[in-house]
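A quick write-up on the structure given underneath.
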Amino acid sequence: SDVFPDHSALDVPVAAVPASAPAGTKKMTRGFDDEPLEDCPLRAIVRRPHLDFRGGMGSNNWVLNGSHTKSGKPLLANDPHLGHSIPSVWYMIHLQAPGLNVSGVSLAGLPLVVIGHNEHIAWGVTNTGPDVQDLYAENFNLRDSTQYLHNGQWIGAEVRNEVIKVRDHRDYLLTVKVTRHGPVVSHDGDRDLALRWTALEPHTIRLPLLRMNQASNWQEFTAALRDFTVPMQNFVYADVEGNIGYYAAGLVPVRRRGDGSVPIPGSTDDYDWSGFIPFEDLPHSYNPPGGIIATANGRIVPDTYPFFISANWEAPYRTARIFQLLREEGPFNPADMLRIQTDIRALEDEWLAKQLLAAAAQHAPESSEAQFALGVLKAWDGQAHADSTATLIAEVTRHALLARILKPKLGEDLSGYHWSMSTIFLQNVLEQNLTRWLPPEDADFHVTLMKSLEQAVRQIPALVHSQSQAAWRWGDTIPLTFHHPLSRGLPLLGHLLDVGPFPQAGTGTTVKQTTPEIGPSMRMVVDFSDLDQSMQNITLGESGQVFSLYYRDQFETWYGGRSFPMLFSNAAVDKGAVHSLVLEPGP
């Protein structure tokens, strides 16, 4: 499909190809099921408002061996991108106990470190994004709604009633039906859709954090990852011996037929899962020849990988920029890793700027505003600074271009269409001159580009709330505010509890992924030449109490792209301690 590409010239697959795979497995190719159900609209894209600058969630991690570092020892970096919140998503923790000395971040309710390092190893994670959910159309018996068809026989579904408490209203009674595939989640006319999802499989949610926290080498770490099930994560790894590695750990189904992209028949076994990708065959790499491993939610496997993982990878721009910097620069120290984590070079918008300038040479724009915009783009260095006019022009124009190309095919209302590879779709259309997508009223794509630019510059004044071109500042259109849960709908509390708004640098596809709701939730750099020189910080602070000194004491550092020492040795921790709280059991 033109619209949903799953490949790009910018992809950097990091996984090795397994030596062998069971017969009948499916290679990682994009294609809808060979016998999809009739009347199934494509729902691979998420409903979002028009002119949406938010992008998708994402994370970055990478690891370098000693050949790329100033110290000759590995460096590991990780910055998970999650929704902004108060308190911060993560809390920083250093745990010491017999057989355990580990530092990093954890989540409320978890007693161990999720991302971090011990004396021997370090690890960082990003989301792999596998396709682990399938919808099965079940045929229920019209005479007995508790029975459904399986291989020509009526069998009974599990039926249970769940009571949902609703404040100031009567209890809501929900009847739940569960087939052999999973719970029925949708009823549309005479079609019931049941969801099969790895997270709903019996005994699947396991987090082997203690074994990960105690691991001292690659063998022990990957042995722990065997029990890591959902959600699948890209783990990068480094150790004191100089080794680096990568494993995508988690459950990914092997399908007998199809790829799960559309609802499939549930009345037979033809489309069932035959199992999960064996752990040994999951994407992984250990001490690759180039000495660099990096993931940023993009495609991680080569075309020859024998299993299907996903056809809906995140856009490749963050991955491409990380590899560009890691391959062209160096040797590196921890400060260089932080600089890369906060990089705001907008490859996606740079590409469009070049397309616009080339098109203008063939078909000059009509308005003075469009001519002004082209002058700004011509002088642009590709950096998405908060005060960047060029970034705003490129971002708005890209949305206008996508709309101009899609509307003749999909209709005027495009508010429901958003997908991560949309710019790769545009690149393919323009660079390959796919005239089947040329708007009927345009002579060529040069005209399409210029009309999109004209449309964009007409929209910008409403976005910046000013007719002055001096107000064309990108960062003001994606303001950052951390909202406290108690401030929603209560403006007076918001003034006290919320943090923001502030203009932002970066875009949804820069290494420093920036949107109004999503961004780096934590930054960590681990230095194996001296663990005390490692760095880490979260967004706001350790405390959720507004009057605490630690409510937002990390914010200025995080917002400015700086960090703090991640002290680890007892001597360094004692020297850096501001105060101690000792909890002792009562008599």
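Condition check ((1) out of contact with any Leu (no Cβ under 6 Å at 6 or more places or on another chain); (2) in a strand (DSSP E or B); (3) open to solvent by 70 Å² or more (accessible area, probe 1.4 Å); (4) of a type outside the set (S, T, N, Q)) across all residues:
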{"residue": "PRO130", "(1), (2), (3), (4)": "yes, no, no, yes"}
{"residue": "ALA137", "(1), (2), (3), (4)": "no, yes, no, yes"}
{"residue": "LEU142", "(1), (2), (3), (4)": "yes, no, yes, yes"}
{"residue": "ARG167", "(1), (2), (3), (4)": "yes, no, yes, yes"}
{"residue": "ARG170", "(1), (2), (3), (4)": "yes, no, yes, yes"}
{"residue": "LYS177", "(1), (2), (3), (4)": "yes, yes, no, yes"}
{"residue": "ARG180", "(1), (2), (3), (4)": "yes, no, yes, yes"}
{"residue": "SER186", "(1), (2), (3), (4)": "no, yes, no, no"}
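Taken over the range 220-250, residues that are open to solvent by 10 Å² or more (accessible area, probe 1.4 Å) and not in a loop (DSSP other than H, G, I, E, B) amount to 5.
Listed here are the residues, each with its yes/no results for (1) among the basic types (Lys, Arg); (2) open to solvent by 20 Å² or more (accessible area, probe 1.4 Å); (3) modelled with pLDDT of 95 or more.
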| site | (1), (2), (3) |
| --- | --- |
| ALA311 | no, no, no |
| GLY330 | no, yes, no |
| THR342 | no, yes, yes |
| LEU347 | no, yes, yes |
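Scanning the range 188-219 for residues being open to solvent by 30 Å² or more (accessible area, probe 1.4 Å), in a helix (DSSP H, G or I) and either free of Cβ contacts under 8 Å to residues at least 24 places away in the same chain or among the aliphatic types (A, V, I, L, M) (or both) gives a total of 4. Checking the structure you have, find out if any residue of the range 492-499 is surrounded by fewer than 18 Cβ atoms within 10 Å (Cβ to Cβ) and within 24 Å of ALA386 (Cβ to Cβ). Within the range 492-499, one or more residues are surrounded by fewer than 18 Cβ atoms within 10 Å (Cβ to Cβ) and within 24 Å of ALA386 (Cβ to Cβ). Checked against (1) open to solvent by less than 30 Å² (accessible area, probe 1.4 Å); (2) more than 19 Å from VAL525 (Cα to Cα), LEU325 meets all criteria but (2). Applying the selection to the range 102-128, what residues are open to solvent by 10 Å² or more (accessible area, probe 1.4 Å) and hydrophobic (A, V, I, L, M, F, W, C)? Matches in the range 102-128: LEU107, ALA108, LEU110, LEU112, VAL114, VAL125.
Please indicate, with yes or no, whether at least one residue in the range 213-229 is out of contact with any helix residue (DSSP H, G or I) (no Cβ under 7 Å at 6 or more places or on another chain), within 29 Å of GLN324 (Cβ to Cβ) and among the aromatic types (Phe, Trp, Tyr). Yes, the range 213-229 contains at least one residue that is out of contact with any helix residue (DSSP H, G or I) (no Cβ under 7 Å at 6 or more places or on another chain), within 29 Å of GLN324 (Cβ to Cβ) and among the aromatic types (Phe, Trp, Tyr). Regarding the range 443-454, can at least one residue be identified that is closer than 30 Å to ARG552 by Cα, assigned to a loop (DSSP other than H, G, I, E, B), open to solvent by 30 Å² or more (accessible area, probe 1.4 Å) and charged (D, E, K, R)? Checked the range 443-454: no residue is closer than 30 Å to ARG552 by Cα, assigned to a loop (DSSP other than H, G, I, E, B), open to solvent by 30 Å² or more (accessible area, probe 1.4 Å) and charged (D, E, K, R). Only one entry of VAL526, VAL573 meets the criterion of being assigned to a strand (DSSP E or B) and open to solvent by less than 60 Å² (accessible area, probe 1.4 Å), and that entry is VAL526.
The values are calculated or read from the model by the stated rules, or taken from the named source; none is laboratory data. Computed from a predicted structure; not experimentally measured. All Cβ positions, glycine included, derive from the backbone under ideal geometry; neighbour counts span all protein chains shown. We work out accessible area using only protein heavy atoms, side chains counted, and drop any ligands, DNA or RNA first. Shrake-Rupley method; radii C 1.70, N 1.55, O 1.52, S 1.80 Å.
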